[in-house]
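Chemist: One structure follows; several queries about it will come next.
The values are calculated or read from the model by the stated rules, or taken from the named source; none is laboratory data. Everything numeric in this text was worked out from a predicted model, so none of it was measured. Note that each Cβ is placed from the backbone with ideal geometry, even for glycine, and that neighbours are counted across all protein chains shown.
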Amino acid sequence: MLFDHCAECQLCCRVDAGFPPLEITLSKAEKNNMGGLCITTSCEHLGAQGCTLGDDKPFGCQLYPLSYNPKTKDFFFDAACPLMPVYRQQLDDAASEASLHLSRMTTVIEKLAVDEPAYLRKNFQVDSDYFDIQPLRPAQANKKIRP
């Protein structure tokens, strides 16, 4: 399984020495539930097998290794994520884990675009400032979210 590697890697849940803390962008509901989430060295919810939050992890964490620019409606990915070559390759298969992930994220983003557009803008700003994001696909092939 594609995301099984995440429990081993855990790169996205850690901050290397010398880097600033990573404040996870939270939706209104996530703020009400969690208060806040800031990774200074490693995420407080990181266990030996990966994230201990399961399906309750913040949307920004669920979206990773992707990032979404609500202004251009383009998807990007964190170039540091070792899954990205396989993820991108799997997008050619509509039944693949990567395609299903992208589809689920698109559905949530469509709702957030209506309910919390400021959240999407802030999340992308944090991702752009913190990660080395690259286009998921060439611009002409990039899956766009409907306005």
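Chemist: Where the second residue is not in a loop (DSSP other than H, G, I, E, B) and the first is aromatic (Phe, Trp, Tyr) and lies in region 80-91, which pairs have Cβ atoms under 9 Å and are six or more apart or on separate chains?
Modeler: 87/2; 87/66; 87/77; 87/97; 87/98; 87/101; 87/102
Chemist: Looking at (1) buried (at least 19 other Cβ atoms within 10 Å of the Cβ); (2) over 24 Å from residue 5 (Cα atoms); (3) at pLDDT below 95; (4) not polar (S, T, N, Q), which one does residue 120 not meet, given that it meets all the others?
Modeler: (3)
Chemist: Let me ask something else about it. From the set of residues in region 92-103 that are free of Cβ contacts under 8 Å to residues at least 12 places away in the same chain and outside any loop (DSSP other than H, G, I, E, B), which is surrounded by the most Cβ atoms within 10 Å (Cβ to Cβ)?
Modeler: Of the residues in region 92-103, the ones free of Cβ contacts under 8 Å to residues at least 12 places away in the same chain are 92-95, 99-100, 103.
Remaining after also requiring outside any loop (DSSP other than H, G, I, E, B): 99-100, 103.
Values: 99: 16, 100: 14, 103: 11.
Only one residue fits best here, namely 99.
Chemist: Contact list please: Cβ distance under 8 Å, first residue in region 45-58 and in contact (Cβ under 8 Å) with a residue 12 or more places away in the chain, second residue part of a loop (DSSP other than H, G, I, E, B) and of a type in the set (Lys, Arg), pairs at least six apart or on different chains.
Modeler: Short answer, once both residue conditions are applied: 45/57; 51/57.
Chemist: Oh, and also: What do you reckon, is residue 131 buried (at least 17 other Cβ atoms within 10 Å of the Cβ), modelled with pLDDT under 95, within 24 Å of residue 27 (Cα to Cα) and touching a strand residue (DSSP E or B) at 6+ places or on another chain (Cβ under 8 Å)? Write out each step before concluding.
Modeler: Values: buried (at least 17 other Cβ atoms within 10 Å of the Cβ): yes; modelled with pLDDT under 95: yes; within 24 Å of residue 27 (Cα to Cα): yes; touching a strand residue (DSSP E or B) at 6+ places or on another chain (Cβ under 8 Å): yes.
It is true that residue 131 is buried (at least 17 other Cβ atoms within 10 Å of the Cβ), modelled with pLDDT under 95, within 24 Å of residue 27 (Cα to Cα) and touching a strand residue (DSSP E or B) at 6+ places or on another chain (Cβ under 8 Å).
Chemist: Which of (1) surrounded by 13 or more Cβ atoms within 10 Å (Cβ to Cβ); (2) at pLDDT 95 or above is the odd one out, the single condition residue 114 does not satisfy?
Modeler: Of everything listed in (1) surrounded by 13 or more Cβ atoms within 10 Å (Cβ to Cβ); (2) at pLDDT 95 or above, residue 114 misses just condition (1).
Chemist: In this structure, is residue 55 assigned to a helix (DSSP H, G or I) and surrounded by fewer than 17 Cβ atoms within 10 Å (Cβ to Cβ)? Walk me through it before giving the result.
Modeler: Details: assigned to a helix (DSSP H, G or I): yes; surrounded by fewer than 17 Cβ atoms within 10 Å (Cβ to Cβ): yes.
When the stated conditions are applied, residue 55 passes them.
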